[in-house]
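Encoded as structure tokens, the structure appears first; notes follow it.
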Amino acid sequence: MSTDSTSLKLKKEIEEAADFLPLLGTDYIELYVGNAKQSALYYQAAWGFQPLAFSGLETGNKQSASYVLVQDKIRLVLTSPLKEGGPINRHIDKHGDGVKVVALWVDDARKSYQETVKRGARSYMEPKSIEDENGEVVLSGIHTYGETVHVFVERKNYHGAFMPGFKPWNPAYQPEGTGLKYIDHMVGNVGWNEMGKWCEFYAHVMGFAQLVSFDDKDISTDYTALMSKVMSNGNGRIKFPINEPAEGKKKSQIEEYIEFYNGAGVQHVALATDNIIETVKKLQQRGVEFLKVPSTYYDTVLDRVGQIDEDLEPLKELGILIDRDDEGYLLQLFTKPVLDRPTMFFEIIQRKGAKSFGKGNFKALFEAIEREQKLRGTL
């Protein structure tokens with residue numbers, strides 16, 4: 001996947017963003033998992049990801065095995081340790097399976113590192129160049145909330161499958177995709193009173209601007225509450241909502257996440273589609289489980305959001321939620337946690353002009369989450 005510096009001419013969408021890096025998009029998300037081979041099969045079979053590249057014993061990597069999967073512009077890297085001890089084992093022991101690396105595609109990884117570290121970012125990886133017969137990739141990295149890190153990836157001089165150290169992975173099993181296009185946003189859960197600190201980190205260290213904020217009046221039910229702010233880079237390709245708990249009568253989903261993840265981390269990844277009805281149908285048929293809102297949600301939803309292009313009945317049948325802002329409307333649906341610990345889940349989203357995040361659905365959504373919490377005994 002090669003690019004050139006003309007990529008930098010992306011239109012600036014968020015004028016308030018300093019955008020001094022700048023970022024071209026999400027390069028990949030890396031999860032540390034207990035069994036990468038089996039996790040890869042899950043994301044292929046259930047989610048329609050295609051095999052792309054592999055690193056492990058066969059490529060000379062004696063420390064870990066990594067499987068790279070792709071669907072349109074989304075790249076997942078699933079990594080497991082091959083020996084006891086070490087940082088990957090410690091991460092899995094503490095957090096369970098979870099997102100370790102949110103890798104950001106840049107035109108200049110050295111400059112991205114210098115710009116962020118001089119503004120106070122803690123170094124994770126000093127700039128390094130890795131090469132093979134397909135060219136060069138430059139990597140650098142910084143720490144963010146919890147044990148999550150951002151790796152800056154410069155690949156304009158690389159033409160291989162993924163990056164040096166990986167070989168193409170071409171197994172017989174190559175399932176059909178489910179219509180997922182790109183990462184719309186990634187949500188981070190942080191501890192009590194930490195949201196402001198991390199929003200300031202993204203503003204000062206990375207040049208992001210705040211798109212929108214929600215307080216406990218916007219995001220609350222009879223039992224639980226949370227606060228959220230959405231940070232975006234200048235071209236709008238990278239959006240990071242940051243959530244923190246707020247006082248409620250019972251344990252919120254954020255508190256449950258932090259308890260089981262043992263700290264801050266990536267709560268969910270929102271994946272965009274151009275046809276949410278077809279995508280959700282395919283995912284359900286392959287075993288992906290979604291949260292359900294009561295059917296009464298659909299009795300008044302069109303009074304709230306107005307006319308939409310889709311028939312309401314298939315949306316109701318699949319449990320897809322609808323919301324509108326000044327720019328248009330969106331359709332969204334959330335999976336149940338995809339791991340044994342009630343931590344990470346996915347959102348499927350289709351935007352029909354809307355730039356927002358479904359504020360009108362929060363109450364119905366969080367009541368659905370509370371019903372699941374009650375079943376788990378963690379509410």
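Some points to look at:
- Candidates in the range 335-360 are the residues that are hydrophobic (A, V, I, L, M, F, W, C) and assigned to a strand (DSSP E or B); of these, the one that is farthest from Arg371 (Cα to Cα) is Ile349.
- Number of the condition not met by Met125 [criteria: (1) crowded, with 21+ Cβ neighbours inside 10 Å; (2) under 22 Å from the mean Cα position of the chain (by Cα); (3) among the aliphatic types (A, V, I, L, M)]: (1)
- All positions within the range 70-81 that are surrounded by fewer than 21 Cβ atoms within 10 Å (Cβ to Cβ) and touching a Ser or Thr at 6+ places or on another chain (Cβ under 6 Å): Pro81
- Among the criteria (1) touching a residue at least 12 places away in the same chain (Cβ under 8 Å); (2) surrounded by 15 or more Cβ atoms within 10 Å (Cβ to Cβ); (3) over 21 Å from the mean Cα position of the chain (by Cα), the one Asn89 does not fulfil is (1).
- Residues in the range 283-306 that are modelled with pLDDT under 95, surrounded by 13 or more Cβ atoms within 10 Å (Cβ to Cβ) and not basic (Lys, Arg): Leu291, Val293, Tyr297, Tyr298, Val301, Val305.
- Test: residue in the range 286-295 that is touching a strand residue (DSSP E or B) at 6+ places or on another chain (Cβ under 9 Å) and hydroxyl-bearing (Ser, Thr, Tyr): no
- Residues in the range 307-334 that are crowded, with 19+ Cβ neighbours inside 10 Å and either of a type outside the set (A, V, I, L, M, F, W, C) or part of a loop (DSSP other than H, G, I, E, B) (or both): Gly319, Ile320, Asp323, Arg324, Tyr329, Gln332.
- Residue in the range 342-364 that is crowded, with 19+ Cβ neighbours inside 10 Å, farther than 27 Å from Tyr28 by Cα, within 19 Å of the chain's Cα centre (by Cα) and among the aromatic types (Phe, Trp, Tyr) present: yes
- Looking only at the range 278-306, residues that are assigned to a helix (DSSP H, G or I) and under 19 Å from Phe345 (Cα atoms) come to 7 in all.
The values are calculated or read from the model by the stated rules, or taken from the named source; none is laboratory data. Fair warning: this is a prediction, and the values are worked out from it, not measured in the lab. Positions of Cβ are backbone-derived with ideal geometry, glycine not excepted, and every protein chain shown enters the neighbour counts.
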